[in-house]
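To start, the structure itself, in structure tokens.
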Amino acid sequence: MLSALATALQLTGAERDHLARVAGQVLPAENDGAPEHVPEDARQLLGRLDGIPAYIVNDRQDIVAWNAAAAALITDFSRLTPDERNLTRISTRFRGTLCTGAPGSEPDFSQQVAAQLRAASVRYPTDNVLAELINEFATHDPDFASSWRNHAVRPMPSVRKNLHHPRLGELEIDRHTLSLPGSGFSLVMYTAEAGSPSAAALKSL
């Protein structure tokens, strides 16, 4: 009913999202899968984050754009295939080596991803690639599987992580996720507490 109303009113993506939030619902997307084309204004924003590691993900958590600082901090995304360039797969690949949850917040990342992918599964109910990705991550991550079973739906805007960088050493960083309204994309940034050794290390990237 709500989707039909949005179509009849010829609402934009942002207007559809607002209508759904007012009604306490998530509308199915008008296409079958998560968007791949990054809006130019989002790319411009990413390019202006000089020295702040950042990348853009779609609803499926595919990393579709990134800056040089993010590649230096995490991995050279350009050397990964599009299938490998997915946040959940990168998390599985580097678990226990490059990145871990900070003490006391180990499950937070998995809970955040569970909430994001559950919202995506409602928005793209026919996306088979997304369904396969959810099953794959649940197999490798008990915290994600638990959050999925518990129907976690509220993403965390910030997650603290410990990162073991081969050149910079041990870093304590915060991972921030900002939704880009009406686009189907989110901006993810990595920062550290001002004046900390981790902040100084990030500036050297």
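The values are calculated or read from the model by the stated rules, or taken from the named source; none is laboratory data. Fair warning: this is a prediction, and the values are worked out from it, not measured in the lab. Note that each Cβ is placed from the backbone with ideal geometry, even for glycine, and that neighbours are counted across all protein chains shown. Calculation scope for accessible area: heavy atoms of the full protein, side chains included, ligands and nucleic acids excluded. Shrake-Rupley method; radii C 1.70, N 1.55, O 1.52, S 1.80 Å.
To the nearest whole percent, what portion of all C-alpha pairs in the range 120-205 is separated by more than 21 angstrom? Provide the component values of the computation, followed by the final result.
Details: 1833 of 3655 pairs.
That tail contains 50 percent of the Cα-Cα pairs.
Report the extension gain between A68 and E132 in nm, rounded to one decimal, defined as 0.36 nm multiplied by the number of residues separating them, less their alpha carbon distance. Kindly include the intermediate steps, with their values, before the conclusion.
Values: separation 64, 0.36 × 64 = 23.04 nm, distance 3.00 nm.
Length difference between fully extended and current span is 20.0 nm.
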Taking the Cα atoms of the range 38-112, what is the range of coordinates along each of the three principal axes, in descending order and whole Å? 37, 25, 22
Full-extension gain between R167 and N150, please, as 0.36 nm times their residue separation minus the C-alpha to C-alpha distance. 2.3 nm
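Rounded to the nearest 0.05, what FRET efficiency do T139 and L180 give with R0 = 22 Å and r taken as the Cβ-Cβ distance? Could you check?
Numbers: r = 30 Å, r/R0 = 1.37.
So, using R0 = 22 Å, E works out to roughly 0.15.
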Computed over the Cα atoms of the range 29-176, what is the convex hull's projected area averaged over all directions, in nm²? 9.0
Would you mind listing how long the range 71-158 runs along its three principal axes, going by Cα atoms, in whole Å with the largest first? 34, 33, 24
When every alpha-carbon pair in the range 158-203 is counted, what percent end up more than 12 Å apart? 63
Got a number for carbon plus sulfur as a percent of the range 57-180's accessible area, 1.4 Å probe? 52
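In Å², what does the accessible area per residue of the range 72-162 work out to with a 1.4 Å probe? Kindly include the intermediate steps, with their values, before the conclusion.
Working: 4740 Å² over 91 residues.
With the other protein chains kept in place, the range 72-162 gives 52 Å² per residue.
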